[in-house]
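Inspection log for the structure reproduced underneath, given as structure tokens.
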Amino acid sequence: MSAINDTKFKFTVFLLTGIPGQEHIHNLWISLPFCLMYVISILGNSVILFIIKTDPNLHEPMYIFLSMLGFTDLGLLIATMPTILGIFLFNSREISLDACFGQLFFIQSLHCIESSVLLLMAFDRFIAIRDPLRYASILTLPRIAKMGLVCVLRGVAVMLPLPLLLKRFQYCRVNVLSHSYCMHQEVMKMACSNIRVNNFYGLFITVVTVGLDSLLIFLSYVMILKTVLSIASHKEFLRALNTCVSHLCAVLLFYTPEFSLTLIHRFGNVSSPLLQIILGYVNLLVPPLINPIVYSVKSKHLRSRIIRVFVK
């Protein structure tokens, strides 16, 4: 009888949630903006990737790193699109445990990879400003390829234990998730087991990935600013800073909601659940939407190439 009672409330699916209290407008007023965001984000990143690939003049380190960022953003869109649009368009809320673990692994891994790519882009800007004459000899294509491979391997290796740790647990609490995609911090709290290891490991990977990357990006810009301040010409000073504007926008778009969500999850009792949900959507969907726009506006070569493509 005891064994029956222990297994009675175990479940094999999670129920996802859109925007609580707004279910009656999911099918039109909320689903339409989400669909537009996905379409614009996918088209924007795909166009930039196509142009960088087909134009030999854009086969430079800065644009190669931008293509890495575009691939990562496309991966995040693909990982979240089935569940987010499934809820808002078809009210499809169920997701199996294995599918949920797989989704959170890809979301976490791609977030880690994107953080690494932003760090590489900061390094790229530092080399371009600090030592422009040796820029091409330092950032060669084989070296860039190795950097990209290290980013991918780090993201996969660090995040792979997450679904494996979650798969060990039995889930018998309320199986309703508060987001329309799976998050490690939320899924682990629904386990009936001791989640101390998951808590410590989640904090560890946050510190060694996003925390470490953001610190190194900050130090890179300190050195960039120190180098730029030594430039005598005011015009060259502004030109050097202008090359960093696009990357700074991408960094702020990525890390601001990321750190806000981390703080909210640590002090969740004093925050609004709706604020967590909105920040979650901003964290996932806004960077892939805005990054192509920012880089297209700020990069003269990329902008002119895009205009030529659409004019033809």
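Criterion applied to Phe204, Phe169 was being out of contact with any Lys or Arg (no Cβ under 7 Å at 6 or more places or on another chain) and modelled with pLDDT under 90, and the one residue passing it is Phe169. Determine whether the range 32-40 contains at least one residue that is among the β-branched types (Val, Ile, Thr), surrounded by 17 or more Cβ atoms within 10 Å (Cβ to Cβ), at pLDDT 90 or above and in contact with a Leu (Cβ under 9 Å, 6 or more places away or on another chain). Looking through the range 32-40, none of the residues is among the β-branched types (Val, Ile, Thr), surrounded by 17 or more Cβ atoms within 10 Å (Cβ to Cβ), at pLDDT 90 or above and in contact with a Leu (Cβ under 9 Å, 6 or more places away or on another chain). Give the number of residues within the range 181-201 that are assigned to a helix (DSSP H, G or I) and out of contact with any Cys (no Cβ under 7 Å at 6 or more places or on another chain). Residues that pass the stated criteria total 10. Just one of the listed residues (Ser115, Ser67) is under 25 Å from Leu289 (Cβ atoms), out of contact with any Ser or Thr (no Cβ under 9 Å at 6 or more places or on another chain) and hydroxyl-bearing (Ser, Thr, Tyr), namely Ser67. Got at least one residue in the range 70-83 being at pLDDT 90 or above and over 16 Å from the mean Cα position of the chain (by Cα)? Checked the range 70-83: at least one residue is at pLDDT 90 or above and over 16 Å from the mean Cα position of the chain (by Cα). Close contacts from the range 224-237, counting a first residue that is under 10 Å from Arg130 (Cβ atoms) and touching a residue at least 24 places away in the same chain (Cβ under 8 Å) and a second that is surrounded by 10 or more Cβ atoms within 10 Å (Cβ to Cβ) and among the β-branched types (Val, Ile, Thr), with Cβ to Cβ under 9 Å and a gap of 6+ residues or different chains, come to Ile224/Ile129; Thr227/Ile129; Val228/Ile129. All conditions but one from (1) within 24 Å of Leu203 (Cα to Cα); (2) of a type outside the set (D, E, K, R); (3) without any contact (Cβ under 8 Å) to a residue 40 or more places away in the chain apply to Thr72; the one that does not is (3). Taking first residues from the range 8-27 that are surrounded by 14 or more Cβ atoms within 10 Å (Cβ to Cβ) and partners that are of a type in the set (Asp, Glu) and modelled with pLDDT of 60 or more, the Cβ contacts under 6 Å between residues at least 6 apart in sequence or on separate chains come to Val13/Glu94. For the range 52-71, a residue qualifies if it is touching a Gly at 6+ places or on another chain (Cβ under 9 Å) and β-branched (Val, Ile, Thr), and the qualifying residues are Ile52, Ile64. Per the conditions (1) over 30 Å from Pro273 (Cα atoms); (2) touching a Pro at 6+ places or on another chain (Cβ under 8 Å); (3) crowded, with 18+ Cβ neighbours inside 10 Å; (4) not hydrophobic (A, V, I, L, M, F, W, C), the sole criterion not satisfied by Glu114 is (1).
Each residue in the range 205-245 was checked for being under 24 Å from the mean Cα position of the chain (by Cα) and outside any helix (DSSP H, G or I), and 2 of them qualify.
Across the range 257-312, which residue is modelled with the lowest pLDDT among those that are surrounded by fewer than 13 Cβ atoms within 10 Å (Cβ to Cβ), assigned to a helix (DSSP H, G or I) and among the charged types (D, E, K, R)? My answer is Arg266.
Yes or no, residue by residue, for (1) assigned to a helix (DSSP H, G or I); (2) surrounded by fewer than 18 Cβ atoms within 10 Å (Cβ to Cβ):
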{"residue": "Leu149", "(1), (2)": "yes, yes"}
{"residue": "His179", "(1), (2)": "no, no"}
{"residue": "Leu203", "(1), (2)": "yes, yes"}
{"residue": "Cys249", "(1), (2)": "yes, no"}
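Taken over the range 87-97, the residue count meeting the criterion of being part of a helix (DSSP H, G or I) and either in contact (Cβ under 8 Å) with a residue 40 or more places away in the chain or basic (Lys, Arg) (or both) is 4.
Any residue at all in the range 143-162 that's under 29 Å from Leu32 (Cα atoms) and not aromatic (Phe, Trp, Tyr)? For the range 143-162, residues under 29 Å from Leu32 (Cα atoms) and not aromatic (Phe, Trp, Tyr): absent. Picking from residues in the range 163-176 that are touching a helix residue (DSSP H, G or I) at 6+ places or on another chain (Cβ under 6 Å) and crowded, with 20+ Cβ neighbours inside 10 Å, the one that is nearest to Gly102 (Cα to Cα) is Pro163.
The values are calculated or read from the model by the stated rules, or taken from the named source; none is laboratory data. From a predicted model like this one, the values you see are computed outputs, not experimental measurements. Cβ coordinates were reconstructed from backbone atoms using ideal geometry, including for glycine residues, and neighbour counts include every protein chain displayed.
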